[in-house]
1. Bins of 5 Å, beginning at zero and ending with the bin holding the largest distance: percent of Cα pairs per bin for segment 569-718, please.
2. Do the sum for the chain: with -39,500 (n - 2.57) for every DSSP H run of n ≥ 4, divided by all residues, what is the mean residue ellipticity at 222 nm, to the nearest 500 deg cm²/dmol?
3. Label point 7 Å out from Gln108 along Cα-to-Cβ: which residues of segment 68-93 have amide N under 18 Å?
4. What's the exposure ranking of Lys275, Lys704, Lys38, going from fewest to most Cβ atoms within 10 Å?
5. For the chain, what is the charge dipole size about the Cα centre, in debye to the nearest 20, if Lys and Arg each add +1 at the Cβ and Asp and Glu each add -1 at the Cβ?
6. Give, in nm to one decimal, the length gained when the segment between Arg289 and Asp101 is fully stretched (0.36 nm per residue of separation minus the Cα-Cα distance).
7. Using a 7 Å offset from the Cα along the Cα-to-Cβ direction at both Thr632 and Asp657, what is the distance between the two label points in nm, to one decimal?
8. Out of the DSSP beta bridges found with both residues in the chain, what percent are antiparallel (nearest 5)?
Amino acid sequence: YDGSDLWLRYMPVSDPGLLRKYRESVTTVIVENADRNKVYRHSTNLSMAPGSTERLVETTLAAARDELVRGLGGLLDQAVPVKTSPGDRIPDGAVIVGTRDSSSAVRQYTSADDLAPVGDDGYLIRSFSRGTQRFTVIAGNTEAGALYGTFAFLRRLQTHKPITRLDISESPRVKNRHLNNWETVRLYAGNNASGTGGLSGENGTIFNFAATGASAGRNLPVILDRYIVVARAMASVGINGITINLVNADNVYLTAQYIAQEAALADALRPYGIKIALSINYTAPTDPRFAPDTLTNEQLDPHGDEFRGWWNRRARMLRDSIPDFTGFTVKANSEGQPGPQDFGDDHGDGANAIAAAVAPLGMKIYWRTFVYNADVDEDRLKRAYLEFGYIDDERRPDGTRGRFLDNVFLQTKNGPLDFQAREPVHPMFGRMENTNQALELQVTQEYTGQDEMLCYLAPMWEEVLKTDTYATDERGRLLGKRLMGHIVDGTAQRHSDTAIVGVANLGNADNVTGHHFSQANLFAFGRQSWDWTLDSADIAADWVRMTWSNREHVVGTIVKMMMGSWEALVSYQTPLGIAHQFRSSDHYGPNPAERLARDDWSPVYYNKADSVGLGYDRSPTGSDFTAQYFPTLEARYGNIGTVPENLLMWFHHVSWDHRMRSGRIFWDELVYRYQMGVQYVTWMRLTWDSLQPSLDARRFSEVKAKLAIHEADAGDWRDTCVNYWKEFSGRDNPVDDGPLSIKIVVNGRTIGGFDLSASSYTIPVAAGAS
Ligand code: BDP
């Protein structure tokens, strides 16, 4: 088995008792009017590629029905008949799916009042018994809700949970659960880690735009199996949108030829409740490819009609082909991308101009806040708040605050630097109370081992989402709800439009993500953006049961591996809050000595290694970046005695003999961390080997091969970094002093980490190192 079904594997239930019960409880699927609400199709000749095994559906209820047929057929190891009406009497064991509008049975058993609280995307799953008949109703207010309920029901069978006496009511905490597909960055997205990221359409990308786009007009849009597999997988965890191209946007995506391709893709994804968006370039209107509809630089005035008119015309073109097109993601004045500042305007002017142009079409702008500028800042981390904070504070003409329009999201990475394995939360969360904020997480493992290292990211996101921001109101009083999750889901500061965005790890590898375990990150991203309060270990357990096996020892062992894997990676790459020690060529391996043309890209800028110690002083005695946090965090992070040790070097230059809470001096603790991380990977490799008899051969050996690379590369991180630090610390390696445990603690609760014995690490002295 090659992993190509992701977690939508519907293996026969192996426990005979459970299989019998499931077969009794599920005998028939009833979906009324499944073919009635056809979704709009722009591409009249839309078709699957020759030889496809997936198929196109035209309605969301058809997608739900087909998934039940496929899923139940597999799980129950027998075909389950589908009926299009309940008949005179609902059969025993029926599973009914629909909305009150589509289904008489749903109408009969679910009142409008029952359904009202679950909103547009939520669902109810209820068990009924009437006389001798027992049946299940899966209902949503919308067909998308019914589809989400269908996947949730199937997940119960996939994870061997009870499916009788159900009374489930679910709705997402966040409205827009969105992916950003960086299609050119295939070396981060998985598949082959070698080679440079090519342009769209090269091998390695999930959507083959250039390949089909170049011949558009001659060839009809063709949909590949993996588009549908990914659509089903996204829907199964509630992801409802995707920006399909890289943030460093190529204007070709706005040309008529590409729009035709995009429309075909949107048509294929639409039944699964997924809407598409595009990344755009601020100066696109001047691109000669749009001639005769091009503007001059002078016409790029965000307050003028030309600029707005151009975006409105382009957005209309998109809307005409893709009626539910959601809008634009914009990376402006960031890493060389053009933006309003190039013309003397600010982010508020630029974002609002495009937002105003597309608002009449119901579209939104996701304006990224990933900005930094070595020319003006000593500490790169301060830039975003300086450029965006004051705009949020401004008064509007009507007296309300915040200049950004309501259809603008400011899209901000979880941390203030750039998706490092552990970052403090970005100080803008909670401080932009008058602006819609979207949280951006990196699902693709650019900085977390790419497709070579097994690194389960859900504990990181859980740590982020459950971090207390200590946000206060205007009068300085602590908000009641102020965890990152509350800020993001709108409950902290009463925002009704909310978003979480994940930089996707989709590619064209057989298993879609490159490393089999990277699938878990996509799964977890969807689950956590639906409900950020979920426990990352529970999500891991679901994924393992759905993807690998329901055997208890397999589930327990793999979940344990996953739950320590992120902390292990932090330990052997960037322990105790040291950040960005990557070699610049690939962001995979270490190069702490690297000094680049730009300071703020250089590992040495981040590590500040010297004879005194290591780390970046951002406290009041240093860059004072800590002042951007709410007072409680400002004080906590600014003081070396109170800063959490796992963030230590984010905020302080720590002397080599600084006393750590373990009693060790900093140098010793640092070396132990590197060693612990590597030992964890060794433990994972050995543990994986022990699972061989319980796993399928191909995936077992593919993961085994990756773990061998992982272990060697983790060792390289440790040795390269420790040897380099040693040149500054002038100290010997600590002697082994027994077991060390590293815990991931969120709000006083341990969610992951590991205990290992600190045995026998001798650092090989690299040639040339003293
Ligand atoms: C960095 C990537 C770069 C992206 C950038 C971004 O190295 O390719 O363009 O993030 O988020 O992590 O825009």
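None of the figures in this text is laboratory data; all of them are computed from the coordinates on show. Owing to the predicted nature of the structure, the values given are computational and were not obtained by experimental measurement. Please note: Cβ atoms are built from the backbone with ideal geometry, for glycine as well, and neighbour counts cover all protein chains shown.
1. 2, 9, 15, 17, 16, 14, 10, 7, 5, 4, 1, 0
2. Numbers: 22 runs with 262 residues, N = 770.
Taken over the chain, the calculation gives -10500 deg cm²/dmol.
3. Residues 82-93 qualify, since their backbone N sits under 18 Å from the label point.
4. Numbers: Lys275 18, Lys704 15, Lys38 12.
Sorted ascending by nearby Cβ count, the order is Lys38, Lys704, Lys275.
5. Values: 79 positive and 95 negative charges, 483 e Å.
Dipole about the Cα centre, nearest 20: 2320 debye.
6. Working: separation 188, 0.36 × 188 = 67.68 nm, distance 4.62 nm.
Contour length minus the Cα-Cα distance gives 63.1 nm.
7. Going from the Thr632 label point to the Asp657 one covers 3.7 nm.
8. 35
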